[in-house]
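Chemist: What follows is a single structure, and I will ask about it in a moment.
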Amino acid sequence: MLRLGVNIDHVATVRQARRIDVPDPVEAALLAEKGGADGITVHLREDRRHIQQRDVERLRAKVKSKLNLEMAVTPEMARLAEQLRPDDACFVPEQRDELTTEGGLDVRSQSARVRDAVERLQARGIRVSLFIDPDDSQIEASRETGAHGVEIHTGRYANALGDKSRDLGEVAAAVAFARRLGLEVHGGHGLNYDNVLPIARIPEIVELNIGHSIVARAIMVGMEQAVREMKELLRKAREA
Ligand code: PXP
């Protein structure tokens with residue numbers, strides 16, 4: 001089965017536009033679960049531009065599927081994760097002026113730092129994945145940190161105009177390599193209802209984390225329906 005992690009950051013983006021209490025990411029998470037989400041993902045950014053610490057605390061109490069916390073590799077965030085106790089954590093790079101997470105984490109150039117953070121969280125029973133570009137040297141470096149898995153960045157594939165086959169091939173090769181090294185493999189970034197199928201057909205991927213496109217669709221048809229439609233695509237991808 002291919003799990004769908006629904007990233008609800010942008011429900012909080014709409015709320016923060018007015019700094020009031022609606023729309024509520026917790027309500028969105030519960031509707032996403034009703035629609036078939038296998039997990040709820042949030043990115044607690046250092047600048048707190050969307051999800052707030054209080055949201056993660058409330059999600060921890062209410063989410064019945066599993067909670068995946070995306071975070072920067074900093075001692076402050078590791079401390080927060082120990083306190084917030086998500087089921088899973090995903091280390092991502094973070095730059096304050098970016099619109100969204102732009103590239104993968106450079107694990108190779110900061111392997112000791114990443115290894116320490118991975119050990120710290122995994123010692124508390126939190127499964128850690130590293131969000132990396134489809135690049136063999138980053139996959140090898142990730143394995144060396146002892147992380148449970150990797151999330152392969154699908155952004156270049158998603159953004160490619162016209163023929164996507166080269167970028168798809170790059171993702172598929174990286175996924176196969178990571179799996180051969182014994183890592184659990186996730187994927188995400190930029191996936192939507194039009195481009196998800198070829199990625200969902202890569203057999204070694206066990207989880208996709210999808211945010212913006214689902215929240216955008218949810219504005220039109222509601223969160224439960226938006227998630228149901230994406231789950232149906234993932235199911236179709238694995239049928240043949
Ligand atoms: N996976 C990771 C690690 C991310 O940082 C993000 C964006 O927060 C996503 C998946 C979801 O990307 P999108 O919003 O483009 O679906």
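Chemist: Looking at Asp88, Asp47, Asp135, which is the one that is under 22 Å from Glu207 (Cα atoms), within 14 Å of the ligand (Cβ to nearest atom) and either among the charged types (D, E, K, R) or in contact with a Cys (Cβ under 7 Å, 6 or more places away or on another chain) (or both)?
Modeler: Working: Asp47 fails: under 22 Å from Glu207 (Cα atoms); Asp135 fails: within 14 Å of the ligand (Cβ to nearest atom).
Result of the check over Asp88, Asp47, Asp135: Asp88.
Chemist: From Leu130, Leu161, which residue is among the hydrophobic types (A, V, I, L, M, F, W, C) and either more than 16 Å from the ligand (Cβ to nearest atom) or over 15 Å from Glu70 (Cα atoms) (or both)? Spell out how you get there, then give the answer.
Modeler: Values: Leu130 fails: either more than 16 Å from the ligand (Cβ to nearest atom) or over 15 Å from Glu70 (Cα atoms) (or both).
After applying the criteria, what remains is Leu161.
Chemist: Answer yes or no as to whether Arg18 is more than 13 Å from the chain's Cα centre (by Cα) and over 24 Å from Phe91 (Cβ atoms). Outline the logic, then answer.
Modeler: Details: more than 13 Å from the chain's Cα centre (by Cα): yes; over 24 Å from Phe91 (Cβ atoms): yes.
Answer is yes for this residue.
Chemist: State whether the residues of the range 52-61 include one that is within 15 Å of the ligand (Cβ to nearest atom) and either within 13 Å of the chain's Cα centre (by Cα) or more than 27 Å from Ala218 (Cβ to Cβ) (or both).
Modeler: no
Chemist: Given the criterion farther than 14 Å from Ile202 by Cα, of a type in the set (Gly, Ala, Ser), within 16 Å of the ligand (Cβ to nearest atom) and at pLDDT 95 or above, identify the matching residue among Ala141, Ala174, Ala147.
Modeler: On the way: Ala141 fails: within 16 Å of the ligand (Cβ to nearest atom); Ala174 fails: farther than 14 Å from Ile202 by Cα.
Of the residues listed, the single one that is farther than 14 Å from Ile202 by Cα, of a type in the set (Gly, Ala, Ser), within 16 Å of the ligand (Cβ to nearest atom) and at pLDDT 95 or above is Ala147.
Chemist: Can you name the residue in the range 126-146 that is part of a helix (DSSP H, G or I) and farther than 26 Å from Asp87 by Cα and, of all such residues, is most open to solvent (accessible area, probe 1.4 Å)?
Modeler: Asp136
Chemist: Among residues belonging to the range 1-20 that are among the β-branched types (Val, Ile, Thr) and assigned to a loop (DSSP other than H, G, I, E, B), point out the one that is nearest to the ligand (Cβ to nearest atom).
Modeler: Residues of the range 1-20 among the β-branched types (Val, Ile, Thr): 6, 8, 11, 13-14, 20.
Retained after the next criterion (residues that are assigned to a loop (DSSP other than H, G, I, E, B)): 8, 20.
Working: Ile8: 10, Ile20: 23 Å.
Of everything passing the filter in the range 1-20, Ile8 is nearest to the ligand (Cβ to nearest atom).
The values are calculated or read from the model by the stated rules, or taken from the named source; none is laboratory data. Everything numeric here is computed off the predicted structure, so don't read it as measured data. Cβ: placed from backbone, ideal geometry, glycine included. Neighbour counts: every protein chain shown. Only protein heavy atoms, including side chains, enter the accessible area calculation; ligands, DNA and RNA are left aside. Shrake-Rupley method; radii C 1.70, N 1.55, O 1.52, S 1.80 Å.
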